[in-house]
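Single-structure report; data block below.
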Amino acid sequence: MIVFDLKCRDDHVFEAWFADSATYESQVAAREVQCPICGDTKVAKAPMAPNVAVRKRDVRPQAPETQGSRRSPKPEAAKESEPAKQMAEAMRALHAVREVVEKHFDHVGERFPEEARKIHHGEVEKRNIYGDATPEETRSLLEEGIEIGQVPWLPRHDA
């Protein structure tokens, strides 16, 4: 397996695993790899820091810092990794939300607005549902006083 940092046209950087470089090339060419944030299928490799394996005996202990000594500033890659870490945590949280919703809610698909209205008006038993609604349908439900929430629905990845 090989992992690449990928980047879409909107500069979202994400990680994807492939069996080998040829698999990466074929999946990207076929537009089978998409950005988990915006869904863009035009992706390319992003700059990556190499992973260098070091034998334990080659690693020298570093001298402890003395009081008053200055630390060298973090390299640019480390500074840029904080937003990437935050994005990764947000992605994990959204995937966890998706798992909970799929496990505990009824999927009603495109019937979501109709089912939400039935539940709101007491025509059917109250239950947790999820599905699809256009922006206009969503606006209409909210204007009617029907409480709904929107969750960014991240695609599942097989790469």
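The values are calculated or read from the model by the stated rules, or taken from the named source; none is laboratory data. Source: prediction; values computed, not measured. Don't worry about glycine lacking a Cβ; one is built from the backbone with ideal geometry, like all the others, and counts go over all protein chains shown.
Below, the figures for the structure above:
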| read-out | value |
| --- | --- |
| Some residue of the range 54-76 being under 24 Å from the mean Cα position of the chain (by Cα) and either modelled with pLDDT of 85 or more or surrounded by 10 or more Cβ atoms within 10 Å (Cβ to Cβ) (or both) | no |
| Neighbours by Cβ (under 8 Å, 6+ apart or cross-chain): first from the range 78-91, assigned by TED's automatic domain parsing to the domain that holds F14; second at pLDDT 70 or above and surrounded by 10 or more Cβ atoms within 10 Å (Cβ to Cβ) | none |
| Within the range 21-38, considering residues that are on the phi < 0 side of the Ramachandran plot and in a loop (DSSP other than H, G, I, E, B), the one modelled with the highest pLDDT | A30 |
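Condition check ((1) surrounded by fewer than 11 Cβ atoms within 10 Å (Cβ to Cβ); (2) in the same structural domain as A90 (by TED's automatic domain parsing); (3) within 19 Å of M91 (Cβ to Cβ)) across all residues:
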residue: I2; (1), (2), (3): no, no, no
residue: D11; (1), (2), (3): yes, no, yes
residue: E15; (1), (2), (3): no, no, yes
residue: A19; (1), (2), (3): no, no, no
residue: Y24; (1), (2), (3): no, no, no
residue: A30; (1), (2), (3): yes, no, no
residue: V33; (1), (2), (3): no, no, yes
residue: I37; (1), (2), (3): no, no, yes
residue: K42; (1), (2), (3): no, no, no
